[in-house]
Amino acid sequence: MNIKDGINSAFQSIFSHKLRSLLTLTGIVIGVLAVVTMFSSVYAIKGLIKKNMEGMGWDNSIIIYPSVGNSDKEIGKNRSHIRRPKQSVPFLNYDDYLALKENLNYKCIYGSISKQSLYRVGNKVNNIILRATEVDFFKNKSYPIGKGRYFNAYEAENNIPVAVLGYQFAEEYFKDKDPIGQVLALGSHRFTVVGVLAPDVLNSGNGMNFNPWERQWDLKAVYIPLKYGATYIEPNKIIHQIYLQSYSTEDYLKLKNEARQIMLARHNMYPNFQFMDIGDMILKITSEINKFMDKWNITLIAIASISLIVGGIGLFSTLLISIQERMTEIGIRKSIGATEQDIFFYFIFEALALAFTGAVIGVILAWILITLIASAIKFPLYLPMQGVVVGIGFSLLIGFLSGLYPAWKATGIDPIQAIYYRE
């Protein structure tokens, strides 16, 4: 039997019984619609989590900060051969940051100093967070500029007293007044405001909040260049932490090891600093999220497959009825030379054509539904190719299995009886 003729014959049969075919397809359409939309929701959540974790600067990242608390005891207990510190061992400082910046291959690096003190701004005396950092901090944490600009390289290098205000700080202390160009007095320091951060873009009505407490405090702070803070805010150019981010997961361990070697060499082989492996923690969290989502995908597919199985039962019934309607046709086909194999594939092609048509309609409806939902709830949804492939593939499998028995039954019909068959 010619495959092209078989497919054409199958679609002719479908379009000659439009209402019956439409009712038969309903279960398959609903099943594929459910599979694709469920895949879309799961992939959207995974994509949003990944994107926002990257937006907060958590992926493939390390934070270096001074050792505190009982760390000396722990070091002595575990590594007794390390000598005790002398006066010559420096604290974590701006020169450490410059050494790492000049000698490492990184995606992002910035140092940070954070001080919280009582300052008078206008008629208010409040606890104000003053942070010294680099422009990479804003870009890495996804804090775009709302008004004005970030401080530039010349201002950062030459200790120019300029400031970028957090959005909430500007809202509280400047209200309707434009802060750009204003002089902000914090203690004995006078900063010219050059920019104001925009509202939080990661937690702006997408239905999921990521680290909102920390980001809220970030947007309440006043930011100044790191070198100015290391020179005038902290003694001996001390900084509170250094952030490093690698280009990829593969480069992460190499970056960490190289950073540790540089720091040990600069601190006379005494580790009076610690590494916070945020990248490692995020990898573990991401892995757990992916495992959970994969299990949830299987559960959703199992639920959605019920509709496809129900659609397969409807398809099975339709094909059995179709045999009775086509008795004369089957008899004529056999009498002019059609083999049992030809009749078998004729019904299998019809079952597959019905299943494929239903799957395509289901995918189109799913795409329309996903687009409408994404527009309504302002949440990023898209048509997942894996869901489309699973939906269409499972539909074709259901169609094939549903058509097996009717096709086998049609092959056993006697052509003489079929030609003279009367209902």
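Coordinate-derived values only; no laboratory data. The model shown is predicted, which means the values in this text are computed figures rather than measured ones. As a convention, Cβ positions derive from the backbone with ideal geometry for all residues, glycine included, and neighbour counts pool all protein chains shown.
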Point-charge dipole on Cβ atoms (K/R +1, D/E -1) for the range 108-240, about Cα centre, debye to 20: 240 debye
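What number comes out for the charge environment of E157, summing +1 per Lys or Arg and -1 per Asp or Glu over other residues with Cβ under 15 Å away?
-2
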J(HN,Hα) series, the range 159-176, from Karplus relation 6.51 cos²θ - 1.76 cosθ + 1.60, nearest Hz, glycine and proline x: 6, 6, x, 10, 9, 10, 8, x, 4, 6, 4, 4, 5, 7, 9, 10, 6, 7
Entries of K46/K147; K139/K295; K101/K139; K115/K220; K284/K378 with Cα pairs more than 24 Å apart: K46/K147; K139/K295; K284/K378
Sum of side-chain charges, Y228 neighbourhood, beta-carbon under 13 Å (Lys, Arg +1; Asp, Glu -1): +1
Percent of C-alpha pairs per 10 Å bin, the range 108-240, short to long: 12, 46, 34, 7, 0
Projected label distance in nm at N257 and K101, using a 7 Å step from Cα toward the beta-carbon: 2.7 nm
